[in-house]
Amino acid sequence: MRVRHGWIVPVLIITGLAMAACARSPAEAGGGREPATVEPIEGSDVARVTLSPDAAKRLDVQTAQVRGLRGVGGGKPRMAIPYAAVLYDPNGDTWTYTNPEPLVFIRSPIFVDHIQGSEAVLSSGPPPGTEVVTVGASELLGVEYHVGGE
């Protein structure tokens, strides 16, 4: 009985091409763009995080607007954000990520007065109308601090 080995060469070529494609860097795989860039903001302890469109889609980043609340009995006006937009750092300080332009995120300090249902009522924070991240904020924090990357 005779065994034909003519099929081996095409299989080796296809396997080699597939392995070469897997060896591309994330930037090469994403069309030459890094999934995220982090630029320090001069004069502050925060950075500007810019995601590629693919990275934002993978993270499923979602936002909501800061709402203005009237002060009760002449009290100071307050703001409200979804509680999902609140981040706590190891010192117990509170933050949220703002979204000043498409695919750009900046961590902003907030002061939570109290939690009311699914909202955080703020005594200080971004002004009403500002977009804040409600889904994907923890991942943005990891990107900003270079945690869990390759």
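Annotations
- Qualifying residue in the range 134-145 (condition: exposed (fewer than 11 other Cβ atoms within 10 Å of the Cβ) and at pLDDT below 95): no
- Hits in the range 55-93 (condition: under 15 Å from Leu140 (Cβ atoms) and either acidic (Asp, Glu) or in a loop (DSSP other than H, G, I, E, B) (or both)): Asp60, Val61, Val86, Asp89
- Of all residues in the range 121-132, those satisfying the criterion of being part of a strand (DSSP E or B) and under 13 Å from Pro109 (Cα atoms) are Leu122, Ser123, Ser124, Val132.
- All told, Asp45 meets the bar of being at pLDDT 50 or above, acidic (Asp, Glu) and exposed (fewer than 14 other Cβ atoms within 10 Å of the Cβ).
- In the set (1) touching a Leu at 6+ places or on another chain (Cβ under 8 Å); (2) at pLDDT 95 or above; (3) over 23 Å from Ser44 (Cα atoms), the condition left unmet by Ala64 is number (1).
The values are calculated or read from the model by the stated rules, or taken from the named source; none is laboratory data. Quantities reported herein were computed from a predicted structural model and do not represent experimental measurements. Backbone-built Cβ (ideal geometry, glycine too); neighbour counts: all protein chains shown.
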